[in-house]
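Chemist: Please read through the structure below; I'll follow up with questions.
The values are calculated or read from the model by the stated rules, or taken from the named source; none is laboratory data. This is a predicted model, so every value here is computed, not measured. Glycine also receives a Cβ, built like all others from the backbone with ideal geometry; neighbour counts cover every protein chain displayed. Heads up: the accessible areas ignore ligands, DNA and RNA and are worked out on the full protein's heavy atoms, side chains in. Shrake-Rupley method; radii C 1.70, N 1.55, O 1.52, S 1.80 Å.
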Amino acid sequence: MVGQLMNWQIALPEIVLAGCGLLVLMVGVLIKKQNSAQLCSMLVLASFLVAALLSLSAPQDVGYNGLFTLDRFAVFVKILVLIAASLAVVLSLDYNTHHGIARFEFPVLILLSTVGMMVMVSATNMMSLYLGVELSSLAIYVLAAFARNDVRSSEAGLKYFVLGALASGLLLYGMSLVYGFAGSLDFASLRAVFTTETAQLGAVVGVVFIVAGLAFKISAAPFHMWTPDVYEGAPVPVTGFMATAPKVAALAVFVRILSMPFGHLLPQWQQLIVLLSIVSMVWGSLAAIGQWNIKRLMAYSSIGHMGYALVGVATGTEAGVRGVLVYLASYIFASAGVFACIIAMRKKGHAVERIADLKGLGKTDPMLAFLLMFFMFSLAGVPPFAGFIGKLYVFLAAVQAGMWTLAIIGVLTSVISTFYYLWVLKQVYFDQSEGAFDGRAPSVSFVAGLGGLVTLSFFVFASPVVNAAEAAARALFG
Amino acid sequence: MIYAVAVFAPLLGSVIAGFLGRVIGDRASQIVTVSLMVLAAICGDVSFASVAWGNAHTGVVPVFDWISVGDLHIAWALRFDTLSVVMVAMVTTISTLIHLYSVGYMSHDSSIPRFFSYLSFFTFAMLMLVTANNLAQLFFGWEGVGVASYLLIGFWYQKPSACAAAIKAFVVNRVGDLFFAVGIALMFFLFKSIEFDNVFGNIQAHMNATYHIFGQDFRSYEVIGTLLFLGAMGKSAQIFLHTWLPDAMEGPTPVSALIHAATMVTAGVFLMSRMSPLMEFAPHALQLVTFIGATTALFAATIGCVQNDIKRIIAYSTCSQLGYMFLAAGVGAYQASMFHLITHAFFKALLFLGAGSVIHAMSDEQDIRKMGGLFKKIPFTGTVMWIGSLALAGIPFFAGYYSKDAILEAAYAAHTGLGTYGFVCGVVAAFLTAFYSWRLLILTFHGTPRADKHTMDHVHESPFVMTFPLGVLATGAVLVGLLFHTMFIGDARDAFWGAAIFNGPTNHIMATLEDRSMIIGLLPTLVGVAGIFLAYVMYVLVPGMPRALATTFRPIYLFLLNKWYFDELYNAIFVKPAFAIGRFLWKTGDATIVDGVPNGLASLTSYGSSRLVKLQTGSLATYAFTMLIGLVALISIFLWVR
């Protein structure tokens, strides 16, 4: 126990990152220059790099009296979160300047939210988990309302805050129910409790509350209602951030909490997750049809994608967890790429966000159109793009676990969702242009290009990612 | 490692010329691709030398892990054994010369970077194929070659005939590929692996495995061997699947040279040798190989005798020579088959590039009836064409003599019915080969000019960048057989090939080659000389004879001129019914049923969508309420299920 107490290095990435956040804040306040936002963004990117390197090299152990664990699973997810957060910061460079919200707090808020997510991922106690969730959420509430002169952005922030508070309440209530009936907040002790005795009704109702609270974070239906409104209202880099990093972190929490403390309650929670997954897949694919705003389209798309990821969670097997991790790795690049394309949608200085504005992009900006095609194909799961590999591993796990219904519904809904992804491409390639977009900023081209490269070449280099995901999954089950 | 450089340098060249060609310009694209090819050729030849004369350790060069699903584990790796190295050295060398030649030949084309990019990609795909360490990688290269050939045959996509030829090549190859893919799948089920080492190491374990098909038991190796050969037939244009090869000359001439000599068609022959550890235990499949190979050798030679297009004659000669190679593989003389592949690569590339030089000189005229008397105007091209033809006809001490002789002796030494059939076909084909080669030479280079004066005045020798590769290839066509026959098929063969080619315990065919009677050894040469003499008689001494023969034996002449009516037959059997079925499926099947059902489902889907979207009101209270309803629903379902 003493060893665990003193083992503070395992949280070094978080500690250093939080310290960097405070330092960058100081830098931002002290340097009264016009470009302090750019400088702070660069510093934040550098701290992300440091945090990533530390995460990879920090000793893997349990520490802080069991509050905090660094294992391969946590490292894998943290790297994904850091990549997603970095892409969001890069995306904000041009967008924020152009929209007059280039303030140095922006990257710092992303950084703080990222610290929260990293804590969530490593948390092995309800208390540290809740702390992480709240830290990441509070920063995102502010980020959503960051364009405070824009009514839609303020509305998005407020909506997200009120509903988020409700979800936090559900989460906390669930935790207290579990504590009341099982007598512990520690994951390992809870696991021991549920191994030896059958769970009492109160405790499992608590699990349902926790699932509902977390389902809000990953915007799984029917806890997704905030998603389209908030995605539409929030500044695009924030939306890009919300669509990737917090989703990855929250799904990781889902996986950890369901497999570690509640692993023996599999028969009880499995049906819940299956239900959430099916409703999300169906809702995400059906409601997206008929959207004319590309950000709302992406909102429904992300709901659907969380449904697919939940398929892997629902299996409750090591293969399922591996599938989820591969899926998330393939998803963040395509998603960040699409948001880069959305930022590039600017005509005569004004941002546009109708899908119809993409008409004729294939002629006016063939490179961007080409990349957008990669992303749409990847999101739709067309081989050989990254999204296909992700779906393959998730559905493979479902089939191996004998969950044919889930796999079949997943395939059917991805066929439906292909319709609207292709519909976007139809506008891009087959319709007459209504005027070209303004020139792209280098930061936007960078994210789109990187996303495109990864999305396209993922199938060649899939093996290392899959192996890492497998090792991560084994850390949870082994 | 230089071996990897030899394989990946063409890819780099292709990528640079393909993606940056428009930026860096024509000249730079040529320089990049050609110099990378030269680099690849140097590395390829050094690798070959290190195996042939040094004692480099053969093995596997790992690149990276690729696929890992279930039992299927595939890694990218380059196989480094004699068989691969021989192919790599040949492909890179020939392809480099063809690249160089193309610099001159394609100098007036409007899309030079695209051409060189395709050419390099073609080379890379072939290298991937021959260096594959497992069947998936080999199939990747196999398909890559198919795609590249499609792109190159249809390079002049403005010409409808080029597009048609490209599609034909692709579709006919697909037929073979289907069998090949099924063969690979069966091997995976049998061996639980498609790595060559795992497969070849476990050959003994599955010796008696059988498949139950159509109420009969077939040995697995026979089925797999037959499927692999059917795949090889498509790629190597054997009879029944040969129809694409003559049409493939619609592409630019350097492409024809590359397809016919170094890449693509040799893939099937290579596959037979590569799979020799398995083929050796599939005697019935090998009999099929022998039969098809021998028949193709004769069949293509008969057609070659009456064609009038200079490239088409050479195309049928390729078809015929490939038949020889399969014949050798069929009787178990894989070494002889590979040797003929290598010598053939040199003289066939020479003949095609020489023909290109003739066409270039004749202002794009390809009909040999409209040529004649060119030797004085373009003596260099004439000389190299003579050398190429001498090698092709198997005249002693030219390259083709050693390899063709070995094949015919092997067929004779097999002492089986089919072996003798192969021997007879081969000897007759050798006679015809010499005949049509000299028919081509005499009509093109000798006698009185039949072209109009304007064209004849324009006849000129090609620039140095085109004649240089011709010179190198001509040297090869003279020397390759002489230099390498000890190594490939002679006394040093066991040390040279090592474990790369497997001869079954009862297969002593290579050893018996030496003890054949004098007459068998001389026969190919004799019939070759006879063929030349007949051509001389028919086209120089008695010029009226071909016409008289054609009128007297008109049905036979037409039968041959129309290539045994294979195209017409396939049109009637496959193409027209396929179109008819297609039209039926389109009108009734597709328009009413297939479109009708999804359209109904689609309207249902969009109806559902519009209902769902209506729930999205924007009101915060509704959203919170939905969440709580969701929670209540979850808990109720949960308690109910419990």
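Chemist: Just the residues that are more than 12 Å from residue B:637 (Cβ to Cβ) and without any contact (Cβ under 8 Å) to a residue 24 or more places away in the chain, please, taken from the stretch A:250-284.
Modeler: Result: A:267, single match.
Chemist: Can you tell me which residue in the stretch B:103-140 is most open to solvent (accessible area, probe 1.4 Å), limited to those that are at pLDDT below 90 and among the small types (Gly, Ala, Ser)?
Modeler: So, considering only residues that are at pLDDT below 90 and among the small types (Gly, Ala, Ser), the one most open to solvent (accessible area, probe 1.4 Å) is B:110.
Chemist: Shifting gears a bit: Do you know which residues across the stretch B:37-73 are at pLDDT 75 or above and either basic (Lys, Arg) or closer than 30 Å to residue A:396 by Cβ (or both)?
Modeler: Hits for the stretch B:37-73 are B:60, B:62.
Chemist: Next question, about the same structure. Since residue A:353 meets every condition but one in (1) open to solvent by less than 10 Å² (accessible area, probe 1.4 Å); (2) away from every other protein chain (no Cβ under 13 Å); (3) more than 25 Å from residue A:393 (Cβ to Cβ), which condition does it not meet?
Modeler: (1)
Chemist: Filter the stretch A:182-209 down to residues that are of a type outside the set (Gly, Ala, Ser), touching a residue at least 24 places away in the same chain (Cβ under 8 Å) and more than 11 Å from every other protein chain (Cβ to nearest Cβ) and give me whichever is surrounded by the fewest Cβ atoms within 10 Å (Cβ to Cβ).
Modeler: Here the answer is A:195.
Chemist: Against the definition (away from chain B (no Cβ under 14 Å) and over 27 Å from residue A:183 (Cβ atoms)), how does residue A:123 come out, yes or no? Before you say what the answer is, go through the steps one by one.
Modeler: Details: away from chain B (no Cβ under 14 Å): yes; over 27 Å from residue A:183 (Cβ atoms): no.
When the stated conditions are applied, residue A:123 does not pass them.
Chemist: Condition first: within 14 Å of chain A (Cβ to nearest Cβ) and either open to solvent by 30 Å² or more (accessible area, probe 1.4 Å) or under 30 Å from residue B:360 (Cβ atoms) (or both). Can you find one or more residues in the stretch B:79-94 that meet it?
Modeler: Taking the stretch B:79-94 as the starting set, the residues that turn out to be within 14 Å of chain A (Cβ to nearest Cβ) are none.
Scanning the stretch B:79-94 turns up no residue that is within 14 Å of chain A (Cβ to nearest Cβ) and either open to solvent by 30 Å² or more (accessible area, probe 1.4 Å) or under 30 Å from residue B:360 (Cβ atoms) (or both).
Chemist: Would you mention how many residues in the stretch B:192-251 are acidic (Asp, Glu) and within 21 Å of the chain's Cα centre (by Cα)?
Modeler: Selection size over the stretch B:192-251: 2.
Chemist: Looking at residue A:149 and the list (1) part of a helix (DSSP H, G or I); (2) surrounded by fewer than 18 Cβ atoms within 10 Å (Cβ to Cβ), which single condition is not satisfied?
Modeler: Of the numbered conditions (1) part of a helix (DSSP H, G or I); (2) surrounded by fewer than 18 Cβ atoms within 10 Å (Cβ to Cβ), the odd one out for residue A:149 is (1).
Chemist: Further question: Can you list residue pairs whose Cβ atoms sit under 7 Å apart, with the first residue in the stretch B:485-514 being more than 19 Å from residue B:330 (Cα to Cα) and the second being open to solvent by 60 Å² or more (accessible area, probe 1.4 Å)? Count only pairs 6 or more apart in sequence or on different chains.
Modeler: Cβ pairs passing all conditions: B:492/B:486; B:498/B:58.
Chemist: I would also like to ask the following. Go over the candidates B:383, B:467, B:448, B:420 one by one and state the one that is at pLDDT 90 or above, surrounded by fewer than 24 Cβ atoms within 10 Å (Cβ to Cβ) and more than 20 Å from residue B:341 (Cβ to Cβ).
Modeler: B:383
Chemist: Looking only at residues that are open to solvent by 50 Å² or more (accessible area, probe 1.4 Å) and among the β-branched types (Val, Ile, Thr) in the stretch B:164-205, which one is farthest from residue B:148 (Cα to Cα)?
Modeler: B:182
Chemist: Could you tell me whether residue A:261 is in a loop (DSSP other than H, G, I, E, B), out of contact with any His (no Cβ under 6 Å at 6 or more places or on another chain) and more than 11 Å from chain B (Cβ to nearest Cβ)? Full working, then the answer.
Modeler: Details: in a loop (DSSP other than H, G, I, E, B): yes; out of contact with any His (no Cβ under 6 Å at 6 or more places or on another chain): yes; more than 11 Å from chain B (Cβ to nearest Cβ): yes.
In short, yes.
Chemist: Just give me the residues in the stretch B:366-378 being in contact (Cβ under 8 Å) with a residue 40 or more places away in the chain and open to solvent by 50 Å² or more (accessible area, probe 1.4 Å), in sequence order.
Modeler: Correct list: B:366, B:369, B:370, B:375, B:377.
Chemist: Does any residue of the stretch B:531-548 turn out to be at pLDDT 75 or above and charged (D, E, K, R)?
Modeler: Step one: filter the stretch B:531-548 for residues at pLDDT 75 or above, giving B:531-548.
Next, from what is left, pick out any that are charged (D, E, K, R): B:547.
Yes, some residue in the stretch B:531-548 is at pLDDT 75 or above and charged (D, E, K, R).
Chemist: Continuing with the same structure: Would you mind finding the one in A:454, A:466 that is part of a helix (DSSP H, G or I), within 13 Å of chain B (Cβ to nearest Cβ) and either closer than 28 Å to residue A:342 by Cβ or of a type in the set (Val, Ile, Thr) (or both)?
Modeler: A:466
Chemist: Going through B:333, B:410, B:391 one at a time, which residue ends up being within 24 Å of the chain's Cα centre (by Cα) and within 19 Å of residue B:300 (Cβ to Cβ)?
Modeler: B:391
Chemist: Tell me which residues, restricted to the stretch B:525-560, are within 34 Å of the chain's Cα centre (by Cα), open to solvent by 50 Å² or more (accessible area, probe 1.4 Å), within 18 Å of residue B:306 (Cβ to Cβ) and of a type in the set (A, V, I, L, M, F, W, C).
Modeler: Residues satisfying the conditions are B:534, B:556, B:558, B:559.
Chemist: Considering only residues that are among the aliphatic types (A, V, I, L, M) and open to solvent by 10 Å² or more (accessible area, probe 1.4 Å), which ones fall in the stretch A:360-379?
Modeler: Of everything in the stretch A:360-379, those that are among the aliphatic types (A, V, I, L, M) and open to solvent by 10 Å² or more (accessible area, probe 1.4 Å) turn out to be A:367, A:371, A:373.
Chemist: What's the number of the condition residue A:288 fails, among (1) open to solvent by 10 Å² or more (accessible area, probe 1.4 Å); (2) facing another protein chain (nearest Cβ under 10 Å)?
Modeler: (1)
Chemist: Given the conditions (1) surrounded by fewer than 17 Cβ atoms within 10 Å (Cβ to Cβ); (2) at pLDDT 95 or above, which single one is not true for residue A:30?
Modeler: (2)
Chemist: I'd like the full set of residues that are part of a helix (DSSP H, G or I) and open to solvent by 70 Å² or more (accessible area, probe 1.4 Å), limited to the stretch B:480-502.
Modeler: Of the stretch B:480-502, the ones part of a helix (DSSP H, G or I) are B:480-488, B:493-497.
Answer for the stretch B:480-502, where residues must be part of a helix (DSSP H, G or I) and open to solvent by 70 Å² or more (accessible area, probe 1.4 Å): B:482, B:483, B:494, B:495.
Chemist: Still on this model: Could you grab me the full set of residues in the stretch A:214-246 that are facing another protein chain (nearest Cβ under 9 Å) and assigned to a helix (DSSP H, G or I)?
Modeler: A:215, A:216, A:226, A:228, A:229
Chemist: Among the residues of the stretch B:247-269 satisfying the criterion of being closer than 19 Å to residue B:324 by Cβ and of a type in the set (Ser, Thr, Tyr), which is modelled with the lowest pLDDT?
Modeler: So the residue we want is B:263.
Chemist: Then there is this: Being closer than 25 Å to residue A:241 by Cα and in contact (Cβ under 8 Å) with a residue 24 or more places away in the chain narrows it down to one of A:377, A:395, so name that one.
Modeler: One residue alone meets the criteria, A:377.
Chemist: Checking residue A:66 against (1) within 25 Å of the chain's Cα centre (by Cα); (2) of a type in the set (Gly, Ala, Ser); (3) under 29 Å from residue A:328 (Cα atoms), which single condition isn't satisfied?
Modeler: Of (1) within 25 Å of the chain's Cα centre (by Cα); (2) of a type in the set (Gly, Ala, Ser); (3) under 29 Å from residue A:328 (Cα atoms), only one is false for residue A:66: (1).
Chemist: A follow-up question, please. Which count do you get for residues in the stretch A:161-181 that are within 11 Å of chain B (Cβ to nearest Cβ), touching a residue at least 24 places away in the same chain (Cβ under 8 Å) and open to solvent by 60 Å² or more (accessible area, probe 1.4 Å)?
Modeler: 1
Chemist: A further question follows. I'd like the full set of residues that are more than 25 Å from residue A:82 (Cβ to Cβ) and in a helix (DSSP H, G or I), limited to the stretch A:310-328.
Modeler: A:311, A:314, A:315, A:319
Yes/no matrix, rows are residues, columns are (1) under 19 Å from residue B:256 (Cβ atoms); (2) basic (Lys, Arg); (3) not in a loop (DSSP other than H, G, I, E, B):
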residue	(1), (2), (3)
B:117	yes, no, yes
B:145	yes, no, yes
B:149	yes, no, yes
B:158	yes, no, no
B:175	no, no, yes
B:179	no, no, yes
B:186	no, no, yes
